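J.: I have a structure I would like to understand better, so I am pasting it below and will then ask my questions one at a time.
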Amino acid sequence: MKTGLVLEGGGMRGLFTAGILDVLMENNVTFDGVVGVSAGATFGCNFISHQIGRVLRYNMSQRKNPKYMGIRSLIKTGDYVGGEYSYHILPTQLDVFDFETFEKNPTEFHIVATNVRTGEPVYRRLDKIDYTGMEWLRASASMPIISKPVVIGDLALLDGGISDSIPLKYFENEGFTKNVVILTQPKGFKKKLTKLMPVFKATMRKYPAIIEGMSKRHLMYNSELEYITQQQEAGNCLVICPSDTLPIGRTDLNPKKMQNVYDMGRKAGEENLETIRKFIAK
């Protein structure tokens, strides 16, 4: 029976996930596979490279750099999160990603992006993080409105959360039948139709499948939550989530908020450590 780790996105709410993952790494807890969506992918890859503390560290160090994230980057490059700087300069020159450890780690790493032409999820297993691998991570986390589609081969891609926010079913179909699911919204959360639909319709006119996906995303998300609850009650998955709404926005780089959310994740990781160990050992 293969064990899996399913990581929801949520922008900077992903620091909650990063805190949990650091605790798991510190205690040598491993899984047969990891699947991440959006920030779950961009932060979760550090679990495979075994770089404790890196996610919080580079977000703290880069928070004031306009090349990293912000309106200036959006105006200059078309991407709120700087594509070249954040995904190709930062991890190779500034806070170096451990490409070798990632490649040698036997844990499978999968990500989810969304095909802008069809609105369907695109799943990709990454065995190494080279330039193209980084582009897959970027695609998975490229939020609509504030990102250009990422082109890889004949695919144009945006954020995986549009089409499959919590890919538990996908991972089960890949053979990972005992999964720990880390959510970045509290228990009982229900997603509503986004208030930004007029903005989506105005800015994404070239991609009607994305507009359609965003108009139904809340239904997809809530359906996935129901399935996760069923699987948890059946003993097939373990869910870790915040006790309350995380006090940080998707693109919020306030250092106190980032540290607080990360610490909340560490606390959740420490509190659930033995439960996780027992669950994956069954």
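J.: Condition first: out of contact with any Leu (no Cβ under 7 Å at 6 or more places or on another chain) and within 14 Å of residue 160 (Cβ to Cβ). Now tell me which residues in region 38-58 satisfy that.
T.: Selection gives 38, 39, 43.
J.: Next question. Does residue 134 fit the bill of being assigned to a loop (DSSP other than H, G, I, E, B), farther than 25 Å from residue 243 by Cα and in contact with a Phe, Trp or Tyr (Cβ under 9 Å, 6 or more places away or on another chain)?
T.: no
J.: Now, a different point. Going by what's in this entry, would residue 106 be described as of a type outside the set (Lys, Arg) and either in contact with a Leu (Cβ under 8 Å, 6 or more places away or on another chain) or within 21 Å of residue 218 (Cβ to Cβ) (or both)?
T.: no
J.: Quick check on region 187-205. Is at least one of its residues on the phi > 0 side of the Ramachandran plot, surrounded by fewer than 22 Cβ atoms within 10 Å (Cβ to Cβ) and among the small types (Gly, Ala, Ser)?
T.: Yes, region 187-205 contains a residue that is on the phi > 0 side of the Ramachandran plot, surrounded by fewer than 22 Cβ atoms within 10 Å (Cβ to Cβ) and among the small types (Gly, Ala, Ser).
J.: Next up: Look through region 170-210, keep the residues that are assigned to a helix (DSSP H, G or I) and among the aromatic types (Phe, Trp, Tyr), and return whichever of them is modelled with the lowest pLDDT.
T.: Initially, region 170-210 is screened for residues assigned to a helix (DSSP H, G or I), giving 170-173, 197-203, 208-210.
This time we only want the ones that are among the aromatic types (Phe, Trp, Tyr), so: 170-171, 200.
Values: 170: 99, 171: 99, 200: 92.
The selected residue is 200.
J.: If you scan region 248-282, which residues turn out to be assigned to a helix (DSSP H, G or I) and either crowded, with 18+ Cβ neighbours inside 10 Å or touching an Asp or Glu at 6+ places or on another chain (Cβ under 6 Å) (or both)?
T.: Hits for region 248-282 are 258, 261, 262, 264, 265, 266, 268, 269, 272, 276, 280.
J.: Let me ask something else about it. If I ask for residues that are within 18 Å of the chain's Cα centre (by Cα), hydroxyl-bearing (Ser, Thr, Tyr) and assigned to a loop (DSSP other than H, G, I, E, B), which ones from region 211-247 would you list?
T.: Across region 211-247, the qualifying residue is only 245.
J.: A follow-up question, please. Residue 47: surrounded by fewer than 23 Cβ atoms within 10 Å (Cβ to Cβ) and of a type in the set (Phe, Trp, Tyr), yes or no?
T.: No; evaluated as a whole, the condition is false for this residue.
J.: Within region 140-151, work out how many residues are in a loop (DSSP other than H, G, I, E, B) and crowded, with 24+ Cβ neighbours inside 10 Å. Before the answer, list the steps.
T.: As a first pass, look at region 140-151 and keep what is in a loop (DSSP other than H, G, I, E, B): 141-149.
In the following step, the residues that additionally are crowded, with 24+ Cβ neighbours inside 10 Å were identified as 141-142.
The number of residues fulfilling the criteria is 2.
J.: Which condition does residue 154 not pass, out of (1) surrounded by fewer than 19 Cβ atoms within 10 Å (Cβ to Cβ); (2) at pLDDT below 95, if it passes all the others?
T.: In the conditions (1) surrounded by fewer than 19 Cβ atoms within 10 Å (Cβ to Cβ); (2) at pLDDT below 95, residue 154 misses (2) alone.
J.: Which of the following residues is within 20 Å of residue 119 (Cβ to Cβ), in contact (Cβ under 8 Å) with a residue 60 or more places away in the chain and surrounded by 12 or more Cβ atoms within 10 Å (Cβ to Cβ): 175, 213? Break it down into steps so the answer makes sense when it comes.
T.: On the way: 175 fails: within 20 Å of residue 119 (Cβ to Cβ).
Of 175, 213, the one residue that is within 20 Å of residue 119 (Cβ to Cβ), in contact (Cβ under 8 Å) with a residue 60 or more places away in the chain and surrounded by 12 or more Cβ atoms within 10 Å (Cβ to Cβ) is 213.
J.: Is it true that residue 125 is more than 19 Å from residue 83 (Cα to Cα), at pLDDT 95 or above and under 17 Å from the mean Cα position of the chain (by Cα)?
T.: Criteria met by residue 125.
J.: Which of the residues belonging to region 153-169 are farther than 25 Å from residue 193 by Cβ and not in a strand (DSSP E or B)?
T.: If the condition is that a residue be farther than 25 Å from residue 193 by Cβ and not in a strand (DSSP E or B), then 153, 154 are the ones that fit.
The values are calculated or read from the model by the stated rules, or taken from the named source; none is laboratory data. Remember, predicted model here, so these are calculated numbers, not experimental data. Glycine also receives a Cβ, built like all others from the backbone with ideal geometry; neighbour counts cover every protein chain displayed.
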